[in-house]
1. Take segment 80-110 and flag every residue that is part of a loop (DSSP other than H, G, I, E, B), touching a strand residue (DSSP E or B) at 6+ places or on another chain (Cβ under 7 Å) and under 21 Å from residue 48 (Cβ atoms).
2. If a residue has to be within 10 Å of the chain's Cα centre (by Cα) and either of a type outside the set (Lys, Arg) or more than 16 Å from residue 104 (Cα to Cα) (or both) to count, how many in segment 68-84 make the cut?
3. Within segment 92-120, restricting attention to residues that are surrounded by fewer than 12 Cβ atoms within 10 Å (Cβ to Cβ) and of a type outside the set (Asp, Glu), which residue is nearest to the chain's Cα centre (by Cα)?
4. Looking only at residues in segment 73-91 that are without any contact (Cβ under 8 Å) to a residue 40 or more places away in the chain and over 14 Å from residue 30 (Cα atoms), which one is surrounded by the fewest Cβ atoms within 10 Å (Cβ to Cβ)?
Amino acid sequence: MHISHEAAMRPNKCSLLLVAAYFAGCSNALVCYLCTNSDPAFSSYDPECGFPDYSNTDHVDSGEVWTNCYTSVDAVTGVVWRYEGYGFPGGYCDYYGNGTSCFCTSNLCNTDLCESCLDF
């Protein structure tokens, strides 16, 4: 039986599944929304980034091993940043100048506008 060079070099379905399963099992990377509504020149720009219950999966990042996702909201300008970070526990709130940042620790958890951090 003769196998062509192209067929010999082409990975079979089983080997591809094994590689995918290996990386899926070894990855602890947290997937976070990555966007801002501040400047159309930014690659992460999404005019809907400032909407509550954000869920645009065109703007996600999982390229690093993050420990948390976060949302930052500027109460004066309305600018929202949704990104990933390190070292903050889920539920942590950070207050700065005119804004609030809220941190969470599960995949795609940075959907809100930090309502849990606001004092009513």
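Derivation of every value follows stated rules applied to the coordinates shown; laboratory data play no part. All of these numbers come straight from a predicted model, not from anything done at the bench. As a convention, Cβ positions derive from the backbone with ideal geometry for all residues, glycine included, and neighbour counts pool all protein chains shown.
1. 108, 109, 110
2. Number satisfying all stated conditions: 5.
3. 116
4. Only one residue fits best here, namely 76.
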